[in-house]
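Some notes on the structure that comes next.
The values are calculated or read from the model by the stated rules, or taken from the named source; none is laboratory data. Just so we're clear, the structure is a prediction, and the values are computed from it rather than from any experiment. Don't worry about glycine lacking a Cβ; one is built from the backbone with ideal geometry, like all the others, and counts go over all protein chains shown.
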Amino acid sequence: MKKLYFNTLLFLYFLCFVGIVPSIGQGNESLNADTLDAQLQQLIQSVGIPAISIAVIQKGEIAYCKAFGMRNVAAQKPADANTLFEAASLTKPVVAVTALKLVEEGILDLDKPLYSYLGYAYGGVTDPRIKDITARMVLSHTSGFPNWRVKKLKIESKPSEKFNYSGEGFVYLQRVLEKITGKSLPYLVKEKIFNPLMMANSFLVFDPKIHKNHTEGYNKKNQYVKGYRPLTANAAASMLTTAKDYSLFVVSLLKNQMLRAETISQVFSPQISISEEDNNLSWGLGWGLEKTEKGTVFWHWGDNSGYKCFIAALKDSNSALIYFTNSDKGLGIQNKLIKLTLGLELGLCKWLDYKQY
């Protein structure tokens, strides 16, 4: 056991020397990349997170991008920059931008009922309000759908009136996107997002013959959890990616590279309040939003069994934190990492309500 621990430490220290730049900003201070290396490896070891893939963006550029730890604990296989992690709900912003690209192309209307495109009621819903749900409502989580159906899909609240986080809504949108383009969602996302941004290690379906360098998931007791391994695309949660790839996507939003300025303005404009206790929290189109003294933060989290991930970005300063873990404890370090890399304490952490370690 001592030899195994020593070998793991040697590997982690080796990773410390493959950084991209020497320093990361923390508020008005400068944080040395070597220091961040040491803090990250201490953090995941003390909390018990097998592996993390993390990127920090400064001034619109990837300033730091590394992977630490073990992608497979039993086999002692280390994670590297190309190791695939489950993106869980970080799939949703990518699909949102794909949909908005189609809006800009005149193929999709944000405010036209999705029913009129699909021609039938998604999920066999008989509630007449299904005919009121639009793409804008799906992207702002005001469709009225639950996150996931238990047995029969139902509309739980009047569309447009209430924030109700919903994976079902995104799958509904997926069906519409596939219908109006005649293309599968994986093909569509690859065409609109992955290829233009050169996100070569991002996928919406899992191919066991190709994807060998992937993480295994672990619960809070560090026991193995069987991963999602999606063989069909799910617009809400099936993406596999790396911190480096996802940071390319975030940079494109910070620099207004993927969408027109007027579209970006809508993306980061509050569509609905999400908290009665915190007026700074709202939801835009595909992203959570928080008003801070440093400007608007756009953010999202991902939560699949055995995998947790997070992104927070400051639009005004073109800076961001992106990280993926293969642990159910992964969102328990978000406060620490946000403060460490962005120099902020955010109300969204309290709203998400994950135990912090």
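Before moving on, here are some points about what is shown:
- Residues in the stretch 52-108 that are of a type in the set (A, V, I, L, M), part of a loop (DSSP other than H, G, I, E, B) and touching a residue at least 60 places away in the same chain (Cβ under 8 Å): 7 in all.
- Selected residue [modelled with pLDDT of 95 or more, hydroxyl-bearing (S, T, Y) and crowded, with 20+ Cβ neighbours inside 10 Å] from T181, T242: T242
- Among residues of the stretch 295-324 that are in contact (Cβ under 8 Å) with a residue 40 or more places away in the chain and under 23 Å from A81 (Cβ atoms), those with a Cβ under 6 angstrom from a residue that is of a type in the set (K, R) and surrounded by fewer than 24 Cβ atoms within 10 Å (Cβ to Cβ), sequence gap 6+ or separate chain, pair up as N318/K59.
- Selected residue (only one of S269, S273, S247 is of a type outside the set (D, E) and within 14 Å of the chain's Cα centre (by Cα)): S247
- Consider the stretch 137-152 and keep the residues that are under 18 Å from H300 (Cβ atoms) and small (G, A, S). The one that is farthest from the chain's Cα centre (by Cα) is S143.
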